[in-house]
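What follows is a set of notes on a single structure, which appears directly below.
The values are calculated or read from the model by the stated rules, or taken from the named source; none is laboratory data. This is a predicted model, so every value here is computed, not measured. Neighbour counts run over all protein chains shown; Cβ positions are idealised from the backbone, glycine included.
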Amino acid sequence: MEVVKELEARLAELESELQRARANVDDWTAAASSLARSAAEARASNQGAGKGFMGALLGSKVRKALRAGAAASNAAIAKDVAKKRSDIAEGKASAQAYVKQIQSDIAGVKAEIREAKATGRGAKSAKASASSAVDLLHKLKEAHTLGLLTDEEFEEKRRKIVSEM
């Protein structure tokens, strides 16, 4: 049952890739949390502008200028945070889509294993093998386009799939 062994090896690869993809989603979640924390800290540092002993000592015009500077700084922080949140949301959505894709691939490979074991099939047909390889290449290209794979990872995996065709 050479086919079953190949499918089980493919399943192991996919499960490993799924763990990496889930870690990527966790990284995006952590980035969002870190962004919120650092933005809050930056706004908090602006909050005391123009207050306290130094504010009283320097006079109302200086206090007003300090508060205006703090307001401008808070506006810049808000703008920066909005951009970064958008980037993080986009990255996380891509990572989650990749997780779903891998889960779908795993379900397909598991179904193939069950079918191969049930039918006692020893070898895949050439047409089925080529079709699944083409599907894998399309999914690989999509993952690369989404930025989930580096150029080197993409090329390595592409070569492996093509050599197995």
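Residues considered: ARG67, ARG63. Of these, the only one that is farther than 26 Å from SER94 by Cα and at pLDDT below 75 is ARG63.
Going by the conditions given, is LYS100 among the charged types (D, E, K, R), within 18 Å of GLU6 (Cβ to Cβ), at pLDDT 90 or above and under 27 Å from the mean Cα position of the chain (by Cα)? Here the answer is no, as LYS100 does not meet what is asked.
Each row is one residue, and each column tells you yes or no for (1) of a type in the set (Ser, Thr, Tyr); (2) surrounded by fewer than 15 Cβ atoms within 10 Å (Cβ to Cβ).
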{"residue": "LYS61", "(1), (2)": "no, yes"}
{"residue": "GLY69", "(1), (2)": "no, yes"}
{"residue": "ALA75", "(1), (2)": "no, yes"}
{"residue": "LYS79", "(1), (2)": "no, yes"}
{"residue": "LYS84", "(1), (2)": "no, no"}
{"residue": "SER94", "(1), (2)": "yes, no"}
{"residue": "VAL99", "(1), (2)": "no, no"}
{"residue": "SER104", "(1), (2)": "yes, yes"}
{"residue": "ALA111", "(1), (2)": "no, yes"}
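Do the conditions hold for SER38, that is, is it surrounded by 12 or more Cβ atoms within 10 Å (Cβ to Cβ), at pLDDT 90 or above and not acidic (Asp, Glu)? Yes. Determine, yes or no, whether LEU149 is buried (at least 17 other Cβ atoms within 10 Å of the Cβ), at pLDDT below 85 and touching a Leu at 6+ places or on another chain (Cβ under 8 Å). Criteria met by LEU149. Selection of region 69-111 for residues being under 23 Å from ALA36 (Cβ atoms) and acidic (Asp, Glu) yields ASP80, ASP87, GLU90.
Within region 72-88, residues that are at pLDDT below 90 and of a type in the set (Phe, Trp, Tyr) reach no partner that is surrounded by fewer than 16 Cβ atoms within 10 Å (Cβ to Cβ) and outside any helix (DSSP H, G or I) with beta carbons closer than 6 Å at six or more positions or on different chains. Residues in region 122-146 that are outside any helix (DSSP H, G or I) and loosely packed, with under 14 Cβ neighbours inside 10 Å were compared, and the one that is modelled with the highest pLDDT is SER125.
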